[in-house]
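**Student:** Shown below is the structure under consideration.
The values are calculated or read from the model by the stated rules, or taken from the named source; none is laboratory data. Model, not experiment: these values are computed from the prediction. So basically every Cβ, Gly included, is an ideal-geometry build from the backbone, and we count neighbours across all protein chains shown. Remember, those area values only see protein heavy atoms, side chains included, never the ligands or the DNA or RNA. Shrake-Rupley method; radii C 1.70, N 1.55, O 1.52, S 1.80 Å.
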Amino acid sequence: MDNGAVYNETTEPQGPRRRPFGCTLRHLWGWRLAVKVVQTIFSFVAVLCEEIVDDCITCSGLYFFEFISCSAFLLSLLILCVYCTDLYESLGKDKVQKL
């Protein structure tokens, strides 16, 4: 009796080696990567500059600037994390564009 079709090899072939933390520049490279990194740095500097202010007369503008600069920093950091890790492939291109 031939049982060759029933039994398969028990070891799986090794796939391509993954980088630490799944970092890849496949989806965001060139000038787009540079612009996104500069945007993240500038928004972080804006958050730091806002925190330096001790006294203000009308603080509503300062609070609005704080909200905008912090939101810009967090969103640009999120975009960098999605495009430069394996999260892009696990979510899928259509879901990333909706995000």
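**Student:** Just give me the residues in the stretch 24-64 being open to solvent by 90 Å² or more (accessible area, probe 1.4 Å) and closer than 26 Å to ASP94 by Cβ, in sequence order.
**Tutor:** LEU25, ARG26, TRP29, TRP31, ARG32
**Student:** Does PHE67 fit the bill of being open to solvent by 90 Å² or more (accessible area, probe 1.4 Å) and modelled with pLDDT of 85 or more? Outline the logic, then answer.
**Tutor:** On the way: open to solvent by 90 Å² or more (accessible area, probe 1.4 Å): yes; modelled with pLDDT of 85 or more: yes.
Yes; evaluated as a whole, the condition is true for this residue.
**Student:** Report yes if some residue within the stretch 80-94 is over 16 Å from ARG32 (Cα atoms), in contact (Cβ under 8 Å) with a residue 24 or more places away in the chain and small (Gly, Ala, Ser); otherwise report no.
**Tutor:** No, the stretch 80-94 has no match at all.
**Student:** Scan (1) under 16 Å from LEU33 (Cα atoms); (2) in contact with a Cys (Cβ under 6 Å, 6 or more places away or on another chain) for the single condition VAL47 breaks and write down its number.
**Tutor:** Evaluating VAL47 over (1) under 16 Å from LEU33 (Cα atoms); (2) in contact with a Cys (Cβ under 6 Å, 6 or more places away or on another chain) leaves (1) as the failure.
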